[in-house]
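> Right, I'll just put the structure down here and ask away after.
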Amino acid sequence: MTADTNAVDRYGVMGYPVAHSRSPVIHRLFAHQTGQNMQYELLQVQPDKLEQAVRQFQRTAGRGLNVTAPHKSSICQLADQLSERASTAGSVNTLVFQDGDIFGDNTDGIGLLRDLVVNRSLNLEGVSVLILGAGGATRGIVGPLLEMEPERLVIANRTVRKAEIISDHFARSGPVSACGFDTIPDGHWDLIINATSAGLKGETPPYPDTALSDDTFCYDLSYGLKRTPFCQWAREQGATRVASGWGMLVEQAAESFHIWRGVRPDTRPVLKQIAVSA
Ligand code: ATR
């Protein structure tokens, strides 16, 4: 099949499953706000069909894709070139198709930072950060968080070995270490980030009660129309500063949009329109 040169620029999100994704709504709002003529689709693609689906999309006016679970690491092999942050994270959430080549980037980390630092005015320098979970989501955020020069960053995971692998990978970038949920070091945590996928599966891990103080900022990378299990747990423990991942979702989308279209949308009205408070 040849590309139709008159076709509207196509973008989309590939995942499996993907029906829950809010990315089409967000990108349509961005496109409307900035007057960009483009379309954004929801593309459910099984892991064994990923390469075929990406190449087909590229051939048919595809200009860029977002990639979500479970494809974020496997997609790296398809890219002709990776940004430094995608390569460091070993995880891609944004593809750009240009002159027949596929460029892979990762906007998750910067999206999280923009939500924490810009939207929520959090100063991360010298703070202690605890990340729960050691999957693809954690890989995407550790590098950018270390760039903010926290005092320490600990990754706690059910499977400790996976946390150690990520910690070793980033060891030269800052004070990062690994542990299990039951061996979290004592001390005060300024920020706890839930990066497990437990909530998505309706599971509740043994979140560490003792790590929480009243002023700990609890941030869930997951988001939902209802309060997430992690946010619910944090509220029950008395935390007053709790947020789910809507802000990160909109900010990472804005970064992708900027990469694709060269225009930076205003995230505030979009966040206001779609986010549900935690
Ligand atoms: P993602 O790309 O969303 O990070 P992932 O790579 O599959 O998804 O990683 C999921 C993370 O959630 C892992 O850290 C996983 O722990 P394990 O490494 O031990 O599998 C964590 N996770 C998922 N369900 C969990 C549960 N019920 N309790 C604790 N951790 C859980």
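> Angle between the Cα long axis of helix 23-34 and the longest principal axis of the chain, 0 to 90 degrees, nearest 10?
Once rounded, the angle reads 70 degrees.
> For the Cα atoms of the chain, what angle does the longest principal axis make with the long axis of helix 246-261, in degrees from 0 to 90, nearest 10?
Approximately 30 degrees, to the nearest ten.
> Further, regarding this structure: As I understand it, the dipole of region 95-231 uses +1 on the Cβ of Lys and Arg and -1 on the Cβ of Asp and Glu, about the Cα centre. Which of G143, C231, S173 lies farthest toward its positive end?
C231
> Just how large is the dipole of region 109-244 about the Cα centre, in debye to the nearest 20, putting +1 at every Lys and Arg Cβ and -1 at every Asp and Glu Cβ? Intermediate results must be reported in sequence, preceding the final value.
On the way: 13 positive and 16 negative charges, 114 e Å.
It works out to roughly 540 debye.
> Let me ask something additional. Charges only on Cβ, +1 for Lys and Arg, -1 for Asp and Glu: so what's the dipole of region 59-149 about the Cα centre, in debye to the nearest 20?
Numbers: 7 positive and 10 negative charges, 68 e Å.
Roughly 320 debye, rounded to the nearest 20.
> OK, next. Nearest 500 deg cm²/dmol is fine: what mean residue ellipticity at 222 nm does the chain get from its DSSP H runs of n ≥ 4 alone, each adding -39,500 (n - 2.57), divided by its residue count? Mind showing how you got there, number by number?
Numbers: 9 runs with 88 residues, N = 278.
Computed ellipticity for the chain at 222 nm equals -9000 deg cm²/dmol.
> Give me the percent of DSSP beta bridges within the chain that run antiparallel, rounded to the nearest 5. Don't skip to the answer; put the middle values down first.
Values: 8 of 42 bridges.
DSSP beta bridges in the chain are roughly 20 percent antiparallel.
> If one takes the longest principal axis of the Cα atoms in the chain, at what angle in degrees, from 0 to 90 and to the nearest 10, does the Cα axis of helix 50-59 lie?
The angle comes out near 40 degrees.
> Let me ask another. Could you tell me which GluC sites (Glu not before Pro) in region 129-188 are loop residues by DSSP with no more than 15 other beta carbons within 10 angstrom of their beta carbon? Intermediate results must be reported in sequence, preceding the final value.
Working: sites: E147, E151, E164; in loops: E151.
Here the sparse-neighbourhood loop sites are E151.
> Under a Cβ-Cβ cut-off of 13 Å, what is the net charge of the residues other than P70 that fall near it, where Lys and Arg count +1 and Asp and Glu count -1? Numbers along the way, then the final one.
Working: positive: K49, K72, K201; negative: D48.
Taking every other residue near P70 into account, the sum is +2.
> Where only protein heavy atoms count, and the probe is 1.4 Å, what is the accessible area per residue for the chain in Å²?
Here the residues of the chain average 47 Å² of exposed surface.
> Quick check: at a probe of 1.4 Å, how many percent of the accessible area of region 109-244 sits on carbon and sulfur atoms? The partial results should precede the final answer.
Working: 2960 of 6290 Å².
Ligands and nucleic acids excluded, carbon and sulfur give 47 percent.
> Next up: Taking the Cα centre of the chain as the origin, how large is its charge dipole in debye, to the nearest 20, when only Lys and Arg (+1) and Asp and Glu (-1) carry charge on their Cβ atoms?
Values: 26 positive and 30 negative charges, 164 e Å.
Here the chain has a charge dipole of around 780 debye.
> Mind listing the phi-derived Karplus ³J(HN,Hα) values for region 80-95, rounded to whole Hz, using 6.51, -1.76 and 1.60 with θ = phi - 60°, and x for any glycine or proline?
6, 8, 10, 5, 4, 5, 5, 5, 5, 6, x, 7, 10, 10, 9, 10
> Let me ask something additional. Strictly over 30 Å apart at the Cα level, which of K49/K201; K49/K272; K49/K226 would you flag in this model? List each step's numbers first, then the result.
Numbers: K49/K201 24 Å; K49/K272 36 Å; K49/K226 32 Å.
Beyond 30 Å between Cα atoms: K49/K272; K49/K226.
The values are calculated or read from the model by the stated rules, or taken from the named source; none is laboratory data. Not measured: the values here are computed from a predicted model. Every residue, glycine among them, receives a Cβ derived from its backbone with ideal geometry; neighbour counts consider all protein chains shown. Just the protein is used for accessible areas: all its heavy atoms, side chains included, with ligands, DNA and RNA removed. Shrake-Rupley method; radii C 1.70, N 1.55, O 1.52, S 1.80 Å.
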